[in-house]
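Input: a single structure, listed below in structure tokens.
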Amino acid sequence: MTPPSPLAFVPYISVENMMRLVHSVGIETMLRELADAIERDFVRWNLFDKTPRFGIDSENGVIELMPTSDGELYGFKYVNGHPTNTRQGLQTVTAFGLLAKVASGYPVLLSEMTMLTALRTAATSAMAARHLAPKDAKVMALIGNGAQSEFQALAFKAVCGIEEVRLYDIDAAATAKCARNLAASGLRGTACRSSQEAMEGAKIVTTCTADKQYATILTDNMVGDGIHINAIGGDCPGKTELHRDILLRSEIFVEYPPQTRIEGEIQQLPSDHPVTELWQVISGEAKGRTSAAQITLFDGVGFAIEDFAALKYVHEKALATGLYDQLDMIADPDDPRDLFGMLTRAREAA
């Protein structure tokens with residue numbers, strides 16, 4: 001049988017190669033570089049086609065497709081969020097993504113994104129905090145110590161200079177796991193017995209819990225002046241983490257309002273409640289933190305442009321390091337109009 005042409009192959013980054021890539025680059029270096037890559041694409045915000053992600057909800061979770069394009073490349077991510085999966089020994093979130101050339105529609109990369117989503121979510125959080133958090137912040141409360149927690153802690157260390165993380169989860173085993181995984185990171189980790197205790201002395205608080213429900217992880221009395229809140233657990237309709245009164249006291253920053261108003265903390269507020277788009281702060285069109293006493297809130301639900309930037313970043317790194325496989329993915333007949341003939345000749349050659 002005639003071997004496939006070079007055009008048939010698409011670079012593919014497996015989970016194994018993604019992990020090799022992270023260790024090759026170094027996880028903190030990768031988080032810093034991802035934060036910078038995402039920030040560069042936020043500066044180009046107006047070049048992108050934008051739409052809220054397409055979701056199919058069920059009682060167990062959500063399955064979503066997140067597409068975007070800058071006119072040269074098209075990218076999408078398939079991702080699920082099923083909070084009860086851990087009870088069956090399954091991941092809460094799994095994902096994969098693709099980049100393609102707009103001019104031809106041909107894919108140029110297929111990649112795992114379960115690992116990459118954890119990295120880009122953490123990098124986005126830290127990138128936002130770089131513009132919104134108090135500049136002297138050295139202590140972060142990390143409430144919710146599941147699969148995302150260590151990535152968040154390391155991103156804030158690498159990008160924002162955090163030195164201590166105060167850990168709390170309703171599951172003490174999750175907190176112990178997080179503390180164990182961060183033991184050699186250079187961060188001081190403190191296991192706490194409550195959300196309130198975790199907040200003590202923290203200038204940044206990250207909430208990243210998984211339950212698909214309206215929840216109150218932070219109550220209004222827990223949040224003092226001068227704090228930056230990185231709220232990333234709310235990411236679908238009916239799922240929030242903060243008491244509504246906290247939102248009313250905060251200056252709120254979001255990725256893409258049409259999506260965040262459906263999925264984020266601000267689904268609790270009227271549809272005309274003022275928010276600032278993060279890209280405007282990054283590009284200098286709007287102000288971020290304006291006073292030491294201000295409460296800033298990044299209502300982060302995840303947006304396709306972040307995944308696009310992450311896919312471009314790992315595409316370049318993988319090609320440079322050789323940490324990818326070639327996947328025979330595109331049918332490429334000698335005559336583009338004779339796909340059936342290609343199929344027939346394959347039977348004859350068998």
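So here's what we get for this one:
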{"read-out": "Efficiency of FRET between A8 and S185 - r from beta-carbon atoms, R0 51 angstrom, step 0.05", "value": "0.75"}
{"read-out": "Spin-label pair A293/L327, simplified geometry with 7 Å Cα→Cβ offset, distance in nm", "value": "5.4 nm"}
{"read-out": "For Y313, Y12, order by how many other beta-carbon atoms lie within 10 Å, fewest first", "value": "Y12, Y313"}
{"read-out": "Rounded to whole Hz, the Karplus (6.51, -1.76, 1.60) HN-Hα couplings of region 236-252, x for glycine and proline", "value": "7, x, x, 10, 9, 10, 10, 5, 4, 5, 5, 4, 5, 9, 9, 8, 9"}
{"read-out": "Under 29 Å, Cα to Cα: Lys pairs in region 134-302, sequence gap 8 or more or different chains", "value": "20"}
{"read-out": "Within the chain, helix-based [θ] at 222 nm, where runs of 4 or more DSSP H residues each add -39,500 (n - 2.57), nearest 500", "value": "-10500 deg cm²/dmol"}
{"read-out": "Fraction of beta bridges assigned by DSSP in the chain that are antiparallel (%, nearest 5)", "value": "50 percent"}
{"read-out": "Angle between the chain longest axis and helix 149-160 axis [Cα atoms, degrees, rounded to 10]", "value": "80 degrees"}
{"read-out": "In Hz, Karplus ³J(HN,Hα) per residue of region 291-300 (6.51, -1.76, 1.60; θ = phi - 60°; x = Gly, Pro)", "value": "7, 5, 8, 5, 9, 9, 10, 8, 8, x"}
{"read-out": "Longest exposed-site-free window of the chain, the sites being trypsin sites (Lys or Arg not before Pro) in a DSSP loop that have at most 11 other C-beta atoms within 10 Å", "value": "1-134"}
{"read-out": "The chain - percent relative contact order, Cα under 8 Å, separation 6 or more", "value": "21 percent"}
{"read-out": "Length-normalised contact order of region 134-302 in % [C-alpha pairs under 8 Å, at least 6 apart]", "value": "21 percent"}
{"read-out": "Kirkwood Rh, angstrom, region 158-197 [1 / mean 1/r, Cα pairs]", "value": "10.6 Å"}
{"read-out": "Gained length - R337 relative to I56, 0.36 nm times residue gap less alpha-carbon distance", "value": "97.6 nm"}
{"read-out": "Alpha-carbon centroids, region 298-335 and region 172-228: separation in whole Å", "value": "33 Å"}
{"read-out": "Whole-Hz ³J(HN,Hα) from phi, Karplus 6.51 cos²θ - 1.76 cosθ + 1.60, for region 217-224, glycine and proline x", "value": "6, 10, 9, 4, 5, 7, 10, x"}
{"read-out": "Listed residues P83, P107, P336, most fluctuating in the chain (Gaussian network, C-alpha, under 10 Å)", "value": "P336"}
{"read-out": "Value of Rg to Rh for region 134-302 (Rh from inverse mean 1/r over Cα pairs, i.e. Kirkwood)", "value": "0.95"}
{"read-out": "Helix axis angle, 339-349 relative to the chain longest principal axis, alpha carbon, degrees", "value": "70 degrees"}
{"read-out": "Principal axes of the chain: Cα extent on each, largest first, Å", "value": "74, 43, 39"}
{"read-out": "Under DSSP loop assignment and at most 10 Cβ neighbours within 10 Å, longest GluC sites (Glu not before Pro)-free interval of the chain", "value": "73-350"}
{"read-out": "Neighbour-count order for H228, H273, H131, fewest beta carbons within 10 angstrom listed first", "value": "H273, H131, H228"}
{"read-out": "Additional length obtainable on full extension of the chain from E285 to R44, 0.36 nm per residue less Cα span", "value": "85.5 nm"}
{"read-out": "Percentage relative contact order, region 98-212, counting C-alpha pairs under 8 Å, at least six apart", "value": "29 percent"}
{"read-out": "Set of lysines near K317 by C-alpha distance (under 22 Å), chain-local residues within fewer than 8 positions excluded", "value": "K77, K101"}
{"read-out": "Exposure proxy order (Cβ contacts within 10 Å, fewest to most) of M18, M66", "value": "M18, M66"}
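Every read-out reported here was derived from the displayed coordinates using simple, explicitly stated rules and does not represent laboratory data. Please read these numbers as outputs of a predicted model, since none were measured by experiment. In this analysis, Cβ positions are derived from the backbone assuming ideal geometry, glycine residues included, and neighbour counts consider all displayed protein chains.
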